[in-house]
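Below: one structure, written as structure tokens.
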Amino acid sequence: MSNLHNLQEQFSQELEKLSADGGNLLAARLFTALLFSSKPLSLQEMANQLGVTKAAVSIRIRDLEAGGLSVKKSKISDRKDYYYVAEDNSLIMAQTLLTKMKQFLSGTESILENWPEESDIQEDQLDDYHVAKKRIQDFHLIYQLAFQRIEGIEDEWRSKRKGID
């Protein structure tokens, strides 16, 4: 396997990590249902509202709960579990995204640090080598700039949020 192919595989893995678990449609629909509800919802209520099984809701709501986006509340009177959206859900979601972005930035940094010398690349792959290196550098640069710009955003969010409560 060529050096260039190894780099391609490594970058692909970094992209997979960036998008991992972020694409579940049911979890997104459950989160939206909770976000737009003024009261906690039971598993059955969510299943009925979304037209899916209670079992499917149960699995995905646990993912939201584990991610800090929903909170479970039990009612002793009817022995059901109810769920509501976490208080700081927008901050939690942003932090999750930022964590993934930081991991991706770290991954691109590692790829660039371990980038092979041009002399280690087969001559017929040199054009691809240079194009790929430039593109990886571009990814790395945009993520670096993004993190520079959002420095202190959490504190600013908390401050502005107080003004809209």
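The values are calculated or read from the model by the stated rules, or taken from the named source; none is laboratory data. Only a predicted model underlies this, so the values are computations on that prediction, with no experimental measurement involved. FYI the Cβ positions are ideal-geometry reconstructions off the backbone, even for glycines, and counts take in every protein chain you see.
General observations
- Summed over region 143-165, the residues that are part of a helix (DSSP H, G or I) and either in contact with a strand residue (DSSP E or B) (Cβ under 6 Å, 6 or more places away or on another chain) or among the aliphatic types (A, V, I, L, M) (or both) give a count of 4.
- Taken as a whole, the structure leaves Ser74 outside the set of residues that are in contact (Cβ under 8 Å) with a residue 40 or more places away in the chain, out of contact with any Lys or Arg (no Cβ under 6 Å at 6 or more places or on another chain) and outside the structural domain of Leu145 (by TED's automatic domain parsing).
- Identity of the residue in region 102-121, in contact with a Phe, Trp or Tyr (Cβ under 9 Å, 6 or more places away or on another chain) and of a type in the set (A, V, I, L, M), that ends up nearest to Lys133 (Cα to Cα): Ile111
- Count - residues of region 41-76 that are of a type in the set (Gly, Ala, Ser) and either in contact with a Gly (Cβ under 7 Å, 6 or more places away or on another chain) or assigned to a helix (DSSP H, G or I) (or both): 5
- Each residue in region 77-125 was checked for being in contact with a helix residue (DSSP H, G or I) (Cβ under 9 Å, 6 or more places away or on another chain), among the charged types (D, E, K, R) and either part of a helix (DSSP H, G or I) or over 29 Å from Lys54 (Cα atoms) (or both), and 5 of them qualify.
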